[in-house]
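A quick write-up on the structure given underneath.
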Amino acid sequence: MAKYSYPAVFEKEKEGGYSIYFPDIDGCYTQAEDIANGIENASDALCLMLYELEREGKPIPKSSSIKSIIANDEDIITLIACDTMFYKNYFEGKSVKINATIPLWLKEAGEKHNVNFSQILQNGVREYLNL
């Protein structure tokens, strides 16, 4: 899971609002009534798409330079950032029980000091994996 940024094209619709797409990401589209909501919607769409690619082990497309994107004069081109770790935590953050073994004396000492063994194990594994 990682942080990404991709150029997005905001096409002004005749009826109002914007259609938004990412030239580098096939099938990644969204829409919004205004720019502020469009940036939020675009980040969400981009993150969901890239999260799925990561989860399925598919290659992540290279991000183009914003200067290389060709659009109409009335279109807006901007970079949209996302962090797929947020989506991983959201969708896969369900806690599960595991069985761990520690010496009895360590368990008793931890309980005496109200140690949260689950939290310490989570923190230790995150640190070990550099997450």
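Here are a few things to note about the model shown:
- Largest-first ordering by accessible area, 1.4 Å probe, given options Leu50, Leu104: Leu104, Leu50
- Exposed GluC sites (Glu not before Pro) absent: longest stretch of the chain, with sites in DSSP loops and at most 13 other Cβ within 10 Å deemed exposed: 75-131
- Accessible area in the full protein assembly, largest first, 1.4 Å probe, for Arg55, Arg126: Arg55, Arg126
- Cysteines not pairable in the chain (beta carbon separation under 4.7 Å absent): Cys28
- Area accessible to solvent at Val115, 1.4 Å probe radius, in Å²: 50
- Label assignment, Cα extents along the principal axes in Å derived from the structure, set (i) 38, 35, 27; (ii) 71, 28, 21; (iii) 71, 36, 15: (ii)
- Extension gain from Ile120 to Leu48, taking 0.36 nm per residue of separation minus the Cα-Cα distance: 22.9 nm
- Here the gap between Glu33 and Lys97, fully extended at 0.36 nm per residue and compared with their Cα-Cα distance, gives a gain of 18.6 nm.
- Of the whole protein surface, Asp34 contributes about 60 Å² of accessible area at a 1.4 Å probe radius.
- Rounded tilt (10° steps) of 35-55 against the dominant C-alpha axis of the chain: 50
- When Ile69, Ile39, Ile120 are compared by accessible area of protein heavy atoms, the largest-first order is Ile120, Ile39, Ile69, using a 1.4 Å probe.
- Against the chain, whose longest principal axis comes from its Cα atoms, helix 117-128 is set at around 60 degrees.
- Between Ile80 and Tyr6, Ala8, the built amide H atoms are under 5 Å apart, and every one of these is 5 or more places off in sequence or on another chain.
- The alpha-carbon positions of the stretch 40-88 define a convex hull whose volume is 87 Å³ per residue.
- Backbone N under 17 Å from the Lys88 label point (7 Å along Cα→Cβ), restricted to the stretch 34-57: 47-57
The values are calculated or read from the model by the stated rules, or taken from the named source; none is laboratory data. Please read these numbers as outputs of a predicted model, since none were measured by experiment. Virtual Cβ from ideal backbone geometry, glycine too; neighbours counted across all protein chains shown. Only protein heavy atoms, including side chains, enter the accessible area calculation; ligands, DNA and RNA are left aside. Shrake-Rupley method; radii C 1.70, N 1.55, O 1.52, S 1.80 Å.
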